[in-house]
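Here's the structure, in structure tokens; my notes come after.
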Amino acid sequence: MTDLFSKFDPLIQQRETLLSTGLTDPFNLVMERVESPTVAICNGKRTILLGTYNYMGMTFDPDVVAAGKKALDEFGSGTTGSRVLNGTYGGHKACEQALKDFYAMDHAMVFSTGYQANLGIISTMAGKDDYIVLDIDSHASIYDGCALGNAQIVPFRHNDIEAMEKRLKRIPEGAGKLVVLEGVYSMMGDVAPLDRMVKVAKANGAMVLVDEAHSMGFIGEHGRGVAEAQGVIDEVDFIIGTFSKSVGTVGGFCVSNHPKFEILRLVCRPYVFTASLPPSVVATAATSIRKLMDSADKRAHLWENSKRLHAGLRQLGFTLGTEEPQSAIIAVIMPDLEKGAAMWEALLNEGLYVNLARPPATPANMTLLRCSLCALHTEEQVGEILGMFAAAGRATGCIS
Ligand SMILES: Cc1ncc(COP(=O)(O)O)c(C=O)c1O
């Protein structure tokens, strides 16, 4: 018998070597209690959260929590069925209406996760004989959607407009083309030049899908994302998003103005062949989305936090993923995995949680400490965070 686990041996070895130094496992942390969107108890200690996707701090919003409790009481704990059979309740339709209102678009389809939204829309829209032209740094759910649909995958260098255009021009005349982009790339926190990319894609006869997972709620005048901020939202065919970040719960969606969009409810397998979201989840999502429409002050404060943290980290001597803050994510580049893990643990001991990210999730084999800010972090907390980075950075030799 060939042990099918043997392909994981290098990873098992790497992990054992790292943990043999006595290091806390960065991928096994338990949050013992969560006090607010910005503070939890980890290892018995008050810990500032700087590694969640709770960008707009909606998880403890009283209206959101109340909507979830009410739906749980009135509709029970789950639907036990697919959206196309017994799994569509009034709450699912209300959630889709909230999305249509939020984006000012004609159609919205709610999936059980953002991962499934990408899997479903990409695999259904681009099948065998079609071409998907995508940024090489695309999220795993985008790649998995490509694989599921069997389309030809044509990757191009990250954010490289000319490379994208060159690949589009090489595709045979008459073939179906889908360009897949993200608004904010979550590893480095950088933004795509969507204004130019969408125009080039359209000029070359492609349909365009933009994943706005990390920009919804925060970027753009109404929080619709980078496509809104750069003035091309009306030219985008599909926007994919998630409820697991700014919305503060779980779930995924696609919005579109395409007149034939509704047919997807019958042909999109990751929509049809899975159970729908529990009523409490869609109720919290709908309430949160409606509140995000009216959150300009929180968006402004989040930008302030992002600028303050970026400037402070740079001043301390850390190397950052972007020259300027472009989103709520600030990536601190570590020299290697060992140093990154040591710095991660030193920060945790200081009382700060950040995400440790390593290959293959990261571009160019980098190890990153990813900081994601929340609109509810106070100015004082950002000051505390910088103090912790200074102490941990000096203790581990990451800065002098
Ligand atoms: C760009 C992007 N798309 C999609 C997803 C999937 O979202 P979900 O957590 O809802 O499955 C993520 C999650 O990390 C993401 O970063």
_Taking the 0 to 90 degree range and rounding to the nearest ten, how far is the long axis of helix 161-170 tilted relative to the main principal axis of the chain, both from C-alpha atoms?_
40 degrees
*With a probe of 1.4 Å, find how much accessible area segment 27-97 has per residue, and write the answer as a whole number in Å².*
51 Å²
*asked:* On a 1.4 Å probe surface of the protein chains, which of Arg269, Arg358, Arg196 comes out largest in accessible area, and what is the full order?
replied: Arg269, Arg196, Arg358
*Using alpha carbon centroids, what distance separates segment 234-288 and segment 123-197, in Å?*
21 Å
*Treating the beta-carbon of each Lys and Arg as +1 and of each Asp and Glu as -1, no other charges, what is the dipole magnitude of the chain about its Cα centre, to the nearest 20 debye?*
380 debye
_Karplus (6.51, -1.76, 1.60) ³J(HN,Hα), θ = phi - 60°, over segment 224-234, in Hz, Gly and Pro reported as x_ = 7, x, 5, 4, 5, 4, 9, x, 10, 4, 6
_What distance in nm lies between label points placed 7 Å from Cα along the C-beta direction at Glu380 and Asp101?_
3.6 nm
_Total charge dipole magnitude, segment 187-228, about the Cα centre, Cβ charges on Lys, Arg, Asp, Glu only, Debye to nearest 20_ = 220 debye
*Could you look at segment 135-196 and say what percent of its accessible area is carbon and sulfur, using a 1.4 Å probe and all protein chains?*
48 percent
*In the full protein assembly as shown, how much of Lys291 is accessible to a 1.4 Å probe, in Å² to the nearest 10?*
70 Å²
*Rounded, prolate or oblate: which one fits segment 8-83, using the alpha carbon gyration tensor with axes a ≥ b ≥ c (rounded when a/c is under 1.5, else prolate when a/b beats b/c, else oblate)?*
oblate
*For segment 207-350, what % of the accessible area comes from carbon and sulfur atoms, probe 1.4 Å?*
52 percent
*asked:* Heavy atoms only, 1.4 Å probe, whole protein assembly: order Trp344, Trp303 by accessible area, highest first.
replied: Trp303, Trp344
*Treat each spin label as a single point 7 Å out from the Cα along the C-beta direction, and report the Lys128 to Ser82 distance in nm.*
2.1 nm
*Please find the FRET efficiency linking Glu16 to Ile399, where r is the Cβ-Cβ separation and R0 is fixed at 30 Å, and quote it to the nearest 0.05.*
0.55
*Against the longest principal axis of the chain, how steep is helix 9-19, in degrees 0 to 90 to the nearest 10, with axes from Cα atoms?*
40 degrees
*Once the piece of chain linking Ala140 and Asp3 is laid out straight, how much longer is it, given 0.36 nm per residue of separation minus the C-alpha distance between them?*
46.7 nm
*Can you tell me the accessible area per residue over segment 230-337, all protein chains present, probe 1.4 angstrom, in square angstrom?*
40 Å²
*Can you bin segment 354-400 into rounded, prolate or oblate? Criterion: square roots of the alpha carbon gyration tensor eigenvalues sorted a ≥ b ≥ c, rounded for a/c under 1.5, prolate for a/b above b/c, oblate for the rest.*
oblate
*Please determine, in degrees from 0 to 90 and to the nearest 10, the orientation of helix 194-203 with respect to the longest principal axis defined by the Cα atoms of the chain, where the helix direction is its Cα long axis.*
30 degrees
*Mind listing the Cα extents of the chain along all three principal axes, in Å, largest one first?*
58, 55, 53
*For Leu316, solvent-accessible area (1.4 Å; no DNA, RNA or ligand), Å²*: 40 Å²
*Between their Cα atoms, which of Lys128/Lys260; Lys45/Lys307; Lys69/Lys93; Lys128/Lys202 are more than 26 Å away from each other?*
Lys45/Lys307
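The values are calculated or read from the model by the stated rules, or taken from the named source; none is laboratory data. Everything numeric here is computed off the predicted structure, so don't read it as measured data. In this analysis, Cβ positions are derived from the backbone assuming ideal geometry, glycine residues included, and neighbour counts consider all displayed protein chains. Side chains included, ligands, DNA and RNA excluded: accessible areas come from the protein's heavy atoms. Shrake-Rupley method; radii C 1.70, N 1.55, O 1.52, S 1.80 Å.
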